[in-house]
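Values in this text are rule-based calculations from the coordinates and carry no lab data. Nothing here was measured: the structure is a model prediction, and the numbers come from that model. Backbone-built Cβ (ideal geometry, glycine too); neighbour counts: all protein chains shown.
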Amino acid sequence: MRLYEREAIAAAASGRNSGVLQHPLDETLTDIHERTLTLYEGLGHGFAYPPEPSGVLVLGDDPEPLRREHDDLAARFPEVAPRWLEGAELRAAEPGLGEDLYAYRLETGRPVPPASATRAWAERARAAGAQLRIGVAVESVAIEGGRATGVRTPQGLDPAGAVALAAGPWTARLARKVPDTFLAPTWGVNVEVRLPEPPRHVLEQGGIDAFIAAGGGASSLFSIVTADGVSAVGSTFLPDEPDPRVAAPLLLERGARFLPALGKLEAFAARACPRPASFDSRPLLGPHRDVEGLYVISGHGAWGISLAPGSAELVAGAILGDGTEIPPELAASRA
Ligand SMILES: Cc1cc2nc3c(=O)[nH]c(=O)nc-3n(C[C@H](O)[C@H](O)[C@H](O)COP(=O)(O)OP(=O)(O)OC[C@H]3O[C@@H](n4cnc5c(N)ncnc54)[C@H](O)[C@@H]3O)c2cc1C
């Protein structure tokens, strides 16, 4: 097995995300997420799996739409035990919140440092005998008679029995697919801060699922995830690359409505990165529609850290022909 990475391990979104392992709240993805958590639990190689979720508080200042979200999730996902919180109960659960907010709590959300999982997977692959070709860009997939026969790099043609594309938003070009109808970048800006008393929960502004599914009517929603004392404040969902220095103060200003401590910061760092967002917000997995021996593992959008290990296991099974079935709703060939 060979892995080609043109820059560095965790160079893109897999090293610059918010870092929360979170239930995707989509029935089609629940099994992959649960399998992903089991894989993280056994990962090792320097990865510290949080044994318990810290909980996600979904926040809003208008109780009605938030209550509807809560009721919907309570009916569909009892495993995350949605619980309504307001007033003194909410303040006790999360003392640093702003005034007049409402929330529901979900029993999910394990914060991990953003690049830690990706680095550990790379180490594990190396230990298992994979060759990691770091700094080598794949220029194209070699195709003969409708079958993938290897990859072309600046050093020449490397033959292979099968090729799996997991190149984030750049997968569309390698798969010879039109980006908008396959997958396209959705740029996220995160601001890294250190708070004297970071929130106990992962905090998120209500409406994120509808927002992601709709492709984003607005351009950003508040979130904050804390791992190892560093909090990532997010985030934008933009089709074009933003300037993180411009976006960061806006994200902090909006965040201060939910967590007033964000309005009193003296130092912060910001970064921007593209999510690989598929045309229907679900991963694109398994055999390519037109090319035999070519496979895709991409399109994880906002939830790649929470899903991709389970997705990769499915696609590896399909490549090895062990009888693994890719759910049709997730098949790369649907695009
Ligand atoms: C701001 C932000 C916050 C996020 N927060 C979370 C979160 O809290 N939880 C969660 O689950 N998900 C989160 N995500 C989503 C998650 O980070 C992504 O879904 C996931 O990292 C995508 O992984 P990937 O491996 O598909 O793509 P990438 O991480 O983009 O990796 C693709 C890699 O391919 C390499 N590459 C590209 N082209 C080539 C080529 N031709 N040859 C060789 N190498 C190539 C790139 O250098 C890159 O390293 C967040 C994303 C962003 C941007």
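Given the convex hull over the Cα atoms of region 1-102, what projected area results after averaging over all orientations, in nm²? Average of the hull's projected areas for region 1-102 equals 9.6 nm².
What is the percent of Cα-Cα separations in the chain that go past 34 Å? Can you show the working numbers first?
Details: 13389 of 55945 pairs.
Roughly 24 percent, rounded to a whole number.
Within the shell defined by Cβ-Cβ distances under 11 Å, the residues around Leu330 carry a net charge of -3, with Lys and Arg each +1 and Asp and Glu each -1.
Anything in the chain that counts as a DSSP H helix reaching 20 Å or more along its axis (C-alpha) with Kyte-Doolittle mean of at least -1.0? List them, would you?
244-258, 304-320
To the nearest 0.05, how large is the calculated FRET efficiency for Ala88 and Glu27 if R₀ is 51 Å and r is the Cβ-Cβ distance? Don't jump to the answer; show the numbers that get you there.
On the way: r = 35 Å, r/R0 = 0.68.
It comes out at approximately 0.90.
Connecting C-alpha atoms closer than 10 Å in a GNM of the chain, tell me which of Leu174, Leu221, Leu314 has the biggest fluctuation. Checking each option, the largest mean-square fluctuation is seen for Leu174. Volume of the convex hull of region 112-209 (Cα atoms only), normalised per residue: 184 Å³. Note on region 257-324: semi-axes of the ellipsoid equivalent to its C-alpha gyration tensor, largest first and rounded to whole Å, are 38, 13, 10.
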